[in-house]
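The values are calculated or read from the model by the stated rules, or taken from the named source; none is laboratory data. For clarity, every value in this text was computed on a predicted model and none was experimentally measured. As a convention, Cβ positions derive from the backbone with ideal geometry for all residues, glycine included, and neighbour counts pool all protein chains shown.
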Amino acid sequence: MTDTQIKPSADALMRGPAGGGAVKPGLDPVRVIRWTLLAMGAIVMVMPIIYMLSASVKYPHEMFETNIIPESPTFFNYGRVLEDGRFYRWFLNSLVIATVTTVSAVFFDALVGYALCKFKFRGRYLVFIAILSTLMIPTEMLIIPWYMMARNFGWLDTYWGIMFPGMMTAFGTFLMKQFFETVPDDFLEAARIDGLNEFQIWWSVAMPLVTPALSALAIFIFLGNWTAFIWPLIVTTSQELYTIPVGLTTFSVEQSIQWELIMTGAALATIPTLVVFLIFQRYIIRGVAMAGLKG
C-alpha cells in the first residue's frame, strides 16, 4: 500500500467518522488568555484618553463626576481655548521646535551611525560605547548641565535653548548604526567605483535602504519633542516661547484650576500626534520590529 492509501486526507479528518459532520476545533486556552490580556491592556491605555475627551465637553461643575458620558455635553470649552490667541502661538512653537529638532536629529544620528558602522578607524568602538553610556544617565541629571550651557551661551528663553539638547540623540545613533549594518558593503564599493564621494554614497545609496528606520526614528523624536515638558518649562520665561504642554499650565492659578480648559487643550494637542501616527504607523511597526530583530 502506498503512503497515500495509508494516510487519511485532511478533509477526511475534518469530516470525522463515517457519516459524521465536521469536527469543530475547540477554543485554544492560550489564545483566549492572550486576547484577554491584550484587551485589558488596551482598555487601561485608552481609558485616560476617553476620560480626557469626556472632560473636555463637560461643564466645570461636572468635572469630578464619575460618569464617562456627560449628561449635557458642550463644546463651549473648545471655543474658549481657541479664542485665546496664546494657544495658536503655543501650537506654532511646538510645531517649529519638534520639526526642526526632528530633522536635525535624524540627519546627524544617521550620519554618525553610518560612520560608526561603515568606516574603520581606531577607537570607533570606544566612541560607540561612550555614546551608548549616555543612555544610562537619567534626563533629570542632565538638566543642570544643560541649563548652565544655555546660560553661558545666552540661550535662555530662546528657541535654540529649547532645541539644542535634542538635536542629536544617542538612541537614534544606536538605531541607525544597527540598520546600516544591513546595507551590503558591495553596494557601497560599487558606488565608489562609479565616482561618488562618501557623502553622496551615504545620501544616495545607504539612506534609501534604511527608510523604515528613518521614518520610525523621526516619529519617535517628533512625538518626544511635541510632548516635552520639563526642559521647556525650565529654559523659558516668556509665554511667547511656551510650548503646548507648558502653556496649558497657565490655566492653573492659585485660586482655582480650570481642569476643563486643560483637558480641552490637551485634546487639541493630541490631534497632530494622532495624524502622524495614522499616516506613518506601518513605518513605526516595521521599524520597531526590525530594530528588535537587529538588537
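Tabulated data
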read-out	value
Candidate set: segment 86-127, residues that are of a type in the set (Val, Ile, Thr) and farther than 23 Å from Trp203 by Cα; chosen: the one nearest to the chain's Cα centre (by Cα)	Ile97
Residue check for Val112: at negative phi, outside the structural domain of Phe199 (by TED's automatic domain parsing) and at pLDDT 90 or above	no
Number of positions in segment 87-117 that are over 30 Å from Leu268 (Cα atoms) and touching a residue at least 24 places away in the same chain (Cβ under 8 Å)	9
Single residue of segment 68-90 satisfying the filter (surrounded by 10 or more Cβ atoms within 10 Å (Cβ to Cβ) and among the polar types (S, T, N, Q)) that is farthest from Glu260 (Cα to Cα)	Thr74
Any chance Gly224 is crowded, with 21+ Cβ neighbours inside 10 Å and part of a helix (DSSP H, G or I)	no
